[in-house]
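A.B. asks: I'd like to ask you about the structure that follows.
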Number of protein chains: 2
Amino acid sequence: MALLRNVMITGCNRGIGLSLVKQFLNETPASVIATCRNPDGAQELQQLQQSNESRLHILQMDLRNFNEFSGKSNDVEKVTKGQGLNLLINNAGISTKFSRLQNTLKVEQLVENFVINTVAPIMLTKAMLPLLKIAATNNAGHPISIERAAVVNISSVLGSISQNKDGGFYPYRCSKAALNAATQSMSLDFMNDGILAVAIHPGWCKTDMGGKNAPLDVDTATSSILKTLRGLTSEQNGAFIQYDGQSIAY
Amino acid sequence: MALLRNVMITGCNRGIGLSLVKQFLNETPASVIATCRNPDGAQELQQLQQSNESRLHILQMDLRNFNEFSGKSNDVEKVTKGQGLNLLINNAGISTKFSRLQNTLKVEQLVENFVINTVAPIMLTKAMLPLLKIAATNNAGHPISIERAAVVNISSVLGSISQNKDGGFYPYRCSKAALNAATQSMSLDFMNDGILAVAIHPGWCKTDMGGKNAPLDVDTATSSILKTLRGLTSEQNGAFIQYDGQSIAY
């Protein structure tokens, strides 16, 4: 089995991103590159960094600043030192409040959700692709897996068109359906390079975004996600699954 | 059966939009409000207008100018004179050339395709919703149908995630998957108002966008679309179908 050496996760100041960082530090020997917009305000992440100096690298990134992506790729290259990047988890995302078409829906909400939830994962994946390819090549003898090289896009069941029974929520639903479409194209575009691509619904978690009524504790969800990620093979390439590995219809 | 009185179609200077205008003028007694960005350059549409003065109304609209939409709604109200709008066909769209992630994909392409192909249909539908509701109320005794009130979003099979076997094409695929997501929400948000919403793949047509190698003649496709639209009932509310009525998986 190839060794999962380097993982990059976006949006790690809180919620699912922060919890994923903890899981990887606890459950694998991998180095973690954790991005957040404002490291100074990410106290819990900073504390984690102090007790994991050699393994946790905090990278300041505003995912709307696309012209900085190639520079950030250089920063990641310095950390990964020729090993490449095994796993990119596009986790950072936003959601506007629920609204129906009749009500307060605004152009700015539709575009902002799309830019952060869809365009940023696509463009960051493009920027990190050379590093993902290096990891895939370094582990060329190993089967397709997150240990070799993979892109995991954190999507949402709200992006499932067939499971939409409540309507509304245009900015978020559109951005996540679009992210699922992008993930499918990634899975096909990267296949010959040995890089896996999947979209994962993390479950409805008790986070700032998910709210207090959510049924899932965030660490329970991310522990389940990690287990699911570890089990991914070429059969799941392009799949849309939830935290526990169950398939979701588009 | 309710009478299909007023139809609004976007992007009518050429291609599928222009052909749809012809079909409605030939096959139904409805008045047609045909939008295009530059009426002076839309010669064929102007010629049609001259021979259908009382039924064809050309409305100048740039679908990126969202702040003009409420004014355009007033223009449509003047044409429809209290009858409301029975059918809005969001046809206008753009497509960037095919590219894979590795190649020339740009942020601007992703955002531009999303703004024109997804945001514009959503916001135009929002602007026309009061007129669609008037038509639905005026025909309250009639079943759900395009004769009562409906929104038809011209989507594409390229927006089908499950049928994507070729990859690439991020800007167009993302925008059309997002449009399908929006259509599903519309179908749920409008149900109680008696307004139908569907997404239609028009077929791969010989147009400027579809190219010369396309298998379908555009007038054949739009004739088939009109027949399909006429057969829509509440059972197809929210459906993703192609020109001939066949269902497409998301």
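A.B. asks: State whether one or more residues within the range B:237-244 are outside any strand (DSSP E or B), in contact with a helix residue (DSSP H, G or I) (Cβ under 7 Å, 6 or more places away or on another chain), on the phi < 0 side of the Ramachandran plot and within 14 Å of chain A (Cβ to nearest Cβ).
C.D. replies: Checking the range B:237-244: at least one residue is outside any strand (DSSP E or B), in contact with a helix residue (DSSP H, G or I) (Cβ under 7 Å, 6 or more places away or on another chain), on the phi < 0 side of the Ramachandran plot and within 14 Å of chain A (Cβ to nearest Cβ).
A.B. asks: With B:Asn192, B:Asn139 as the choices, which residue is more than 10 Å from chain A (Cβ to nearest Cβ), out of contact with any strand residue (DSSP E or B) (no Cβ under 9 Å at 6 or more places or on another chain) and surrounded by 19 or more Cβ atoms within 10 Å (Cβ to Cβ)?
C.D. replies: Criteria check complete, one pass: B:Asn139.
A.B. asks: Output the number of residues of the range B:195-222 satisfying the condition of being closer than 27 Å to B:Lys133 by Cα and of a type in the set (S, T, N, Q).
C.D. replies: Of the residues in that region, 1 qualify.
A.B. asks: Which members of the range A:131-161 meet the condition of being among the small types (Gly, Ala, Ser) and assigned to a helix (DSSP H, G or I)?
C.D. replies: Across the range A:131-161, the qualifying residues are A:Ala135, A:Ala136, A:Gly159.
Residue-wise test of (1) modelled with pLDDT under 95; (2) farther than 19 Å from B:Ala92 by Cα; (3) of a type outside the set (A, V, I, L, M).
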position: B:Asp189; (1), (2), (3): no, yes, yes
position: B:Asp208; (1), (2), (3): yes, no, yes
position: B:Lys212; (1), (2), (3): yes, yes, yes
position: B:Thr222; (1), (2), (3): no, no, yes
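A.B. asks: Considering the range B:187-215 alone, what residues qualify as being among the small types (Gly, Ala, Ser) and within 15 Å of the chain's Cα centre (by Cα)?
C.D. replies: Correct list: B:Ser187, B:Ala197, B:Ala199, B:Gly203.
A.B. asks: Further, regarding this structure: If you take the residues in the range A:95-135 that are surrounded by 24 or more Cβ atoms within 10 Å (Cβ to Cβ) and of a type in the set (Gly, Ala, Ser), which one is farthest from the other protein chains (Cβ to nearest Cβ)?
C.D. replies: Among those that are surrounded by 24 or more Cβ atoms within 10 Å (Cβ to Cβ) and of a type in the set (Gly, Ala, Ser), it is A:Ala135.
A.B. asks: Moving to a separate point now. Please find, among B:Ala199, B:Ala214, the residue that is within 30 Å of B:Ser99 (Cα to Cα) and more than 11 Å from chain A (Cβ to nearest Cβ).
C.D. replies: Being within 30 Å of B:Ser99 (Cα to Cα) and more than 11 Å from chain A (Cβ to nearest Cβ) holds for just one of B:Ala199, B:Ala214, which is B:Ala214.
A.B. asks: For the range A:150-174, give me the residue count where each residue is polar (S, T, N, Q), at the interface with chain B (Cβ under 7 Å from one of its Cβ atoms) and in contact with a Leu (Cβ under 8 Å, 6 or more places away or on another chain).
C.D. replies: 1
A.B. asks: Right, next: State the number of residues belonging to the range B:201-240 that are closer than 23 Å to B:His142 by Cα and either small (Gly, Ala, Ser) or touching a strand residue (DSSP E or B) at 6+ places or on another chain (Cβ under 9 Å) (or both).
C.D. replies: Residues in the range B:201-240 being closer than 23 Å to B:His142 by Cα and either small (Gly, Ala, Ser) or touching a strand residue (DSSP E or B) at 6+ places or on another chain (Cβ under 9 Å) (or both): 11 in total.
A.B. asks: If you go through the range A:74-94 one residue at a time, how many are touching a helix residue (DSSP H, G or I) at 6+ places or on another chain (Cβ under 9 Å) and away from chain B (no Cβ under 14 Å)?
C.D. replies: Summing the residues that are touching a helix residue (DSSP H, G or I) at 6+ places or on another chain (Cβ under 9 Å) and away from chain B (no Cβ under 14 Å) in the range A:74-94 gives 14.
Rundown of residues vs (1) buried (at least 23 other Cβ atoms within 10 Å of the Cβ); (2) of a type in the set (D, E, K, R), yes/no style:
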site: B:Arg5; (1), (2): no, yes
site: B:Gly15; (1), (2): no, no
site: B:Ala34; (1), (2): yes, no
site: B:Gln43; (1), (2): no, no
site: B:Leu48; (1), (2): no, no
site: B:Leu56; (1), (2): no, no
site: B:Asp62; (1), (2): no, yes
site: B:Lys78; (1), (2): no, yes
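A.B. asks: Run down B:Gly11, B:Gly17 and say which single residue is modelled with pLDDT of 95 or more, touching a strand residue (DSSP E or B) at 6+ places or on another chain (Cβ under 8 Å) and on the phi > 0 side of the Ramachandran plot.
C.D. replies: Answer to the selection: B:Gly11.
A.B. asks: With B:Ala181, B:Ala199 as the choices, which residue is among the hydrophobic types (A, V, I, L, M, F, W, C), closer than 29 Å to A:Val198 by Cα, surrounded by 20 or more Cβ atoms within 10 Å (Cβ to Cβ) and free of Cβ contacts under 8 Å to residues at least 40 places away in the same chain?
C.D. replies: Result: B:Ala181 is the single residue among B:Ala181, B:Ala199 that is among the hydrophobic types (A, V, I, L, M, F, W, C), closer than 29 Å to A:Val198 by Cα, surrounded by 20 or more Cβ atoms within 10 Å (Cβ to Cβ) and free of Cβ contacts under 8 Å to residues at least 40 places away in the same chain.
The values are calculated or read from the model by the stated rules, or taken from the named source; none is laboratory data. Because the structure is predicted, anything quoted here is derived from the model rather than measured. Heads up, the Cβs are rebuilt from the backbone with ideal geometry, glycines too, and the neighbour counts pull from every protein chain shown.
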